[in-house]
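Following: one structure in structure tokens, then a few remarks.
The values are calculated or read from the model by the stated rules, or taken from the named source; none is laboratory data. Because the structure is predicted, anything quoted here is derived from the model rather than measured. With ideal geometry, Cβ positions are generated from the backbone for all residues, glycine too; neighbour counts draw on all protein chains shown.
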Amino acid sequence: MPVLLFVLALSLSYGFAKEATEVKKGKVIINGHVQLAKSSSKVISLIYSQLSAFPTRLSAILDSTGYFQFEFEILHPHDITLRYEKGTSLLYVRPLDSLDVQLNSEDFQKNQYPDFVVSGKNAQTSKDMLSYRLFNKLKHFEPAPAHKSTEEYVAAIGRRIATEDSLLALFNLKFQPTEAFKVWAKKDIIYRNANYLVDFEYHHSMQKTKFEGVLYDTNVFPVNDTDAIVSSWYQYHLWQYATNKYIQRDSVIQGLLKEQKKGETYRAVLKKIMATEKPGIGRDIVCYQILYMLSEEANNVFRELMKNSKVYVSTKELTSILNEKMTKDDNHAKYHISFFKSDSKEEKEIVGDFMNGLIAKHKGKIIYLDFWATWCGPCRSEVPHAIDLHNQYKNQPIVFVNLCLLSDREAWKNAIEKQKIAGENYFFDKDQSELLKSRLKLEGFPTYMIISKEGQIINRQAPRPSSGNTIKTVLSKLLE
């Protein structure tokens with residue numbers, strides 16, 4: 001039976017008393033090998049936290065012998081996710097830890113949460129996480145927001161948290177897990193369930209109704225919780241909490257946004273956060289997330305606000321990351337449309353009519369267009385499937401073209417390199433993004449289109465790479 005073997009090569013461990021409170025950068029290297037079968041995917045993905053609003057995703061391509069490598073830095077101990085085929089594995093890592101993980105590739109083709117074996121230095125917490133997942137037989141929970149008041153909805157989530165806490169207490173008595181696991185599991189229960197709060201907002205948004213009361217109840221879902229950084233759900237909750245309280249439900253801020261006064265908007269948001277939230281890791285992360293987002297979506301506003309960065313963020317590692325983004329010299333900022341070659345890290349300017357030039361360049365070939373943005377989670381999750389699709393049609397007259405819109409240039413280049421985004425990669429600055437969106441009537445991200453061999457757009461809502469046989473059938477038929 002094919003087995004997937006991972007080796008997480010690290011060299012130093014942190015004491016538990018320190019790990020839950022300290023943000024300290026450390027490199028993680030993951031080496032692995034897949035015992036390949038004919039039907040095995042050639043792509044494996046890893047998702048980890050950098051305390052920003054959205055997770056960081058990496059992709060690795062298996063070589064002909066099944067070998068691959070990940071190398072990345074984390075800021076603190078937390079859970080990371082490995083994704084291969086249909087399966088998902090949770091691991092607990094600290095900066096500079098050491099782990100060996102064995103995954104059965106056939107199990108990962110069949111199951112969403114397959115069994116796996118983990119060993120090595122500090123591996124026990126990961127083992128406990130796997131044992132707990134197998135121990136937890138609770139039915140899937142998804143609170144229905146319809147016909148519920150805010151208080152009723154929050155209370156339903158609170159009851160679920162209490163139920164899971166009781167189950168965790170039984171697990172702890174039976175299995176005697178590590179202290180690191182106990183903290184992680186306790187916090188993960190709270191903030192994983194807190195993620196349902198955004199569903200309540202979405203429901204009322206779709207119904208065009210307003211809700212009263214406090215949705216993000218800090219008594220149930222604390223904001224300034226230092227130990228909670230070990231759960232990746234904590235950072236996502238903080239982003240949702242901050243955008244709800246300080247942006248979406250603030251009439252003054254909404255007014256400034258309508259007037260397109262972005263600099264004034266986020267200066268006011270940060271000022272209010274500093275005046276309202278207690279000093280601590282929660283407030284630091286919220287301010288860091290806002291500044292990090294602006295660095296990718298409104299760089300001029302980011303640079304202006306960074307003049308007072310020490311006022312907003314006191315955590316040394318977080319301010320260091322923001323300062324790196326400030327000082328990074330982008331020699332290609334003047335390029336309106338860019339082409340990037342990841343192998344040589346060379347960026348070239350594209351001039352003239354882009355679409356006509358692209359069609360002329362690939363005359364007689366099918367062009368599969370991917371319109372995406374660096375901040376779009378669904379876009380990033382399509383990458384492993386896109387790589388597989390690209391490899392399947394590698395020697396066919398099909399060209400895969402990725403068009404990145406409304407994003408930060410450096411984030412675009414980093415994503416290409418980290419996720420091994422295959423095909424031709426182009427970047428459009430804000431003005432060119434808006435022009436292309438208008439010309440092609442793009443409504444959102446990701447969007448996929450197909451251009452025929454004759455140079456005509458024949459499908460404006462083409463299937464995604466993750467649709468599997470659906471997109472393969474479409475492309476194969478066009479090749480006939």
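Of the strands (runs of 3 or more DSSP E) lying entirely inside region 75-134, the ones with 2 or more residues being without any contact (Cβ under 8 Å) to a residue 40 or more places away in the chain and farther than 16 Å from Val230 by Cβ are found at 87-93, 116-119.
Would you please name the residue that is nearest to the chain's Cα centre (by Cα), looking only at residues in region 376-406 that are more than 25 Å from Pro55 (Cβ to Cβ) and of a type in the set (A, V, I, L, M)? It comes out as Val401. Just one residue in the set Leu58, Leu82, Leu62 is at pLDDT below 85 and touching a strand residue (DSSP E or B) at 6+ places or on another chain (Cβ under 7 Å); that residue is Leu62. Within region 203-220, the set of residues being among the hydrophobic types (A, V, I, L, M, F, W, C) and within 16 Å of Glu152 (Cβ to Cβ) comprises Phe211, Val214, Leu215, Val220. Every condition in (1) within 22 Å of Glu73 (Cα to Cα); (2) in a helix (DSSP H, G or I) is met by Leu256 except one, and the failing one is (1). Quick check, is Asn356 touching an Asp or Glu at 6+ places or on another chain (Cβ under 8 Å) and free of Cβ contacts under 8 Å to residues at least 40 places away in the same chain? Criteria not met by Asn356.
Do we have Pro95 as touching a Gly at 6+ places or on another chain (Cβ under 6 Å), buried (at least 21 other Cβ atoms within 10 Å of the Cβ) and either among the small types (Gly, Ala, Ser) or on the phi < 0 side of the Ramachandran plot (or both) here? The answer is yes for Pro95. Within region 215-237, the set of residues being in contact with a His (Cβ under 8 Å, 6 or more places away or on another chain) and in contact (Cβ under 8 Å) with a residue 60 or more places away in the chain comprises Ile229, Val230, Ser231, Ser232.
Taken over region 112-125, the criterion of being over 16 Å from Tyr84 (Cβ atoms) and not charged (D, E, K, R) is satisfied by Ser119, Gly120, Asn122, Ala123, Gln124, Thr125. For region 29-58, a residue qualifies if it is part of a strand (DSSP E or B) and either in contact with a Gly (Cβ under 8 Å, 6 or more places away or on another chain) or more than 26 Å from Ser320 (Cβ to Cβ) (or both), and the qualifying residues are Asn31, Gly32, His33, Val34, Val43, Ile44, Ser45.
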